[in-house]
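Report on the structure given below.
The values are calculated or read from the model by the stated rules, or taken from the named source; none is laboratory data. Treat the numbers as computed from the prediction; the structure is a model and nothing was measured. Note: ideal-geometry Cβ built from the backbone for every residue, glycine included; neighbour counts use all protein chains shown.
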Amino acid sequence: MIDRLREILSNDIGIDLGTASTLVYVRGSGIVTIEPSIVALNQKTGRVVAVGEDASQMIGRTPSHISAVRPLENGVISNLEVAEEMLA
(Lines give C-alpha, C1' and ligand atoms only; values in the text may rest on other atoms or scores of the structure.)
Protein backbone atom coordinates (compact mmCIF):
# COMPACT_ATOMS: atom_id res chain seq x y z
CA MET A 1 0.00 0.00 0.00
CA ILE A 2 2.82 2.42 0.83
CA ASP A 3 4.47 1.68 -2.53
CA ARG A 4 1.22 2.46 -4.36
CA LEU A 5 0.83 5.73 -2.44
CA ARG A 6 4.43 6.67 -3.24
CA GLU A 7 3.71 5.99 -6.95
CA ILE A 8 0.68 8.27 -6.91
CA LEU A 9 2.40 11.14 -5.09
CA SER A 10 5.73 11.11 -6.91
CA ASN A 11 6.61 12.86 -10.15
CA ASP A 12 9.10 10.79 -12.10
CA ILE A 13 10.97 12.99 -14.53
CA GLY A 14 13.78 12.45 -16.96
CA ILE A 15 16.03 15.19 -18.33
CA ASP A 16 18.04 14.75 -21.51
CA LEU A 17 20.79 17.36 -21.60
CA GLY A 18 21.74 17.65 -25.24
CA THR A 19 24.27 19.88 -26.94
CA ALA A 20 21.57 21.51 -29.08
CA SER A 21 18.47 21.13 -26.90
CA THR A 22 17.27 19.90 -23.53
CA LEU A 23 14.21 17.66 -23.21
CA VAL A 24 12.15 17.13 -20.05
CA TYR A 25 9.99 14.00 -19.79
CA VAL A 26 7.36 13.44 -17.09
CA ARG A 27 5.88 9.99 -16.60
CA GLY A 28 2.27 10.01 -17.61
CA SER A 29 2.59 13.27 -19.56
CA GLY A 30 5.38 12.49 -22.00
CA ILE A 31 7.83 15.16 -23.16
CA VAL A 32 6.68 18.40 -21.56
CA THR A 33 9.33 20.76 -22.90
CA ILE A 34 12.05 20.97 -25.52
CA GLU A 35 14.27 24.04 -25.17
CA PRO A 36 17.59 25.07 -26.71
CA SER A 37 20.55 24.43 -24.38
CA ILE A 38 21.52 28.10 -24.22
CA VAL A 39 21.89 30.46 -21.27
CA ALA A 40 22.22 34.26 -21.57
CA LEU A 41 24.56 35.64 -18.90
CA ASN A 42 25.19 39.18 -17.75
CA GLN A 43 29.01 39.36 -17.67
CA LYS A 44 28.99 42.34 -15.27
CA THR A 45 26.88 40.71 -12.56
CA GLY A 46 27.30 37.02 -13.38
CA ARG A 47 23.55 36.57 -13.29
CA VAL A 48 21.39 34.56 -15.67
CA VAL A 49 19.29 36.81 -17.90
CA ALA A 50 17.44 34.15 -19.90
CA VAL A 51 17.40 30.41 -20.58
CA GLY A 52 16.31 28.27 -23.54
CA GLU A 53 14.28 29.82 -26.33
CA ASP A 54 14.38 33.27 -24.69
CA ALA A 55 18.19 33.15 -24.57
CA SER A 56 18.34 31.88 -28.14
CA GLN A 57 16.29 34.83 -29.38
CA MET A 58 18.69 37.21 -27.63
CA ILE A 59 21.72 36.11 -29.68
CA GLY A 60 23.04 39.11 -31.60
CA ARG A 61 20.44 41.47 -30.12
CA THR A 62 21.93 42.33 -26.75
CA PRO A 63 24.54 44.70 -25.34
CA SER A 64 28.13 43.44 -25.32
CA HIS A 65 28.03 42.59 -21.60
CA ILE A 66 25.33 39.94 -22.16
CA SER A 67 26.55 36.76 -23.81
CA ALA A 68 24.89 33.52 -24.85
CA VAL A 69 26.62 30.44 -23.45
CA ARG A 70 26.16 26.79 -24.36
CA PRO A 71 27.01 24.81 -21.20
CA LEU A 72 27.36 21.54 -23.17
CA GLU A 73 29.87 20.80 -25.91
CA ASN A 74 29.91 17.57 -27.92
CA GLY A 75 27.43 16.00 -25.50
CA VAL A 76 29.57 16.74 -22.43
CA ILE A 77 28.94 19.35 -19.73
CA SER A 78 31.68 21.94 -20.28
CA ASN A 79 30.44 24.55 -17.79
CA LEU A 80 28.89 22.93 -14.72
CA GLU A 81 27.79 26.17 -13.02
CA VAL A 82 25.89 27.40 -16.09
CA ALA A 83 24.37 23.93 -16.63
CA GLU A 84 23.08 24.00 -13.04
CA GLU A 85 21.57 27.45 -13.60
CA MET A 86 19.94 26.23 -16.81
CA LEU A 87 18.26 23.36 -14.96
CA ALA A 88 17.16 25.55 -12.07
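Residues Gly75, Gly14: which one is out of contact with any helix residue (DSSP H, G or I) (no Cβ under 9 Å at 6 or more places or on another chain) and at pLDDT below 90? Quick ask: steps written out before the conclusion?
Details: Gly14 fails: at pLDDT below 90.
When all the criteria are applied, what remains is Gly75.
Within segment 47-71, residues that are in contact (Cβ under 8 Å) with a residue 40 or more places away in the chain and under 19 Å from Thr22 (Cβ atoms) have Cβ atoms under 6 Å from residues that are surrounded by 15 or more Cβ atoms within 10 Å (Cβ to Cβ) and aromatic (Phe, Trp, Tyr) in no pair, counting only partners at least 6 apart in sequence or on another chain. Based on this model, can you work out whether Gly46 counts as on the phi > 0 side of the Ramachandran plot and surrounded by 13 or more Cβ atoms within 10 Å (Cβ to Cβ)? No, not satisfied.
One residue stands out in segment 21-43 among those that are polar (S, T, N, Q) and surrounded by fewer than 16 Cβ atoms within 10 Å (Cβ to Cβ): the one that is farthest from Met86 (Cα to Cα), namely Ser29.
Can you pull out every residue in segment 14-52 that is charged (D, E, K, R) and over 10 Å from the mean Cα position of the chain (by Cα)?
To start, the set of residues in segment 14-52 that are charged (D, E, K, R) comprises 16, 27, 35, 44, 47.
Correct list: Arg27, Lys44, Arg47.
Scan segment 62-88 for residues that are assigned to a loop (DSSP other than H, G, I, E, B) and buried (at least 17 other Cβ atoms within 10 Å of the Cβ) and jot them down. Answer for segment 62-88, where residues must be assigned to a loop (DSSP other than H, G, I, E, B) and buried (at least 17 other Cβ atoms within 10 Å of the Cβ): Arg70, Pro71.
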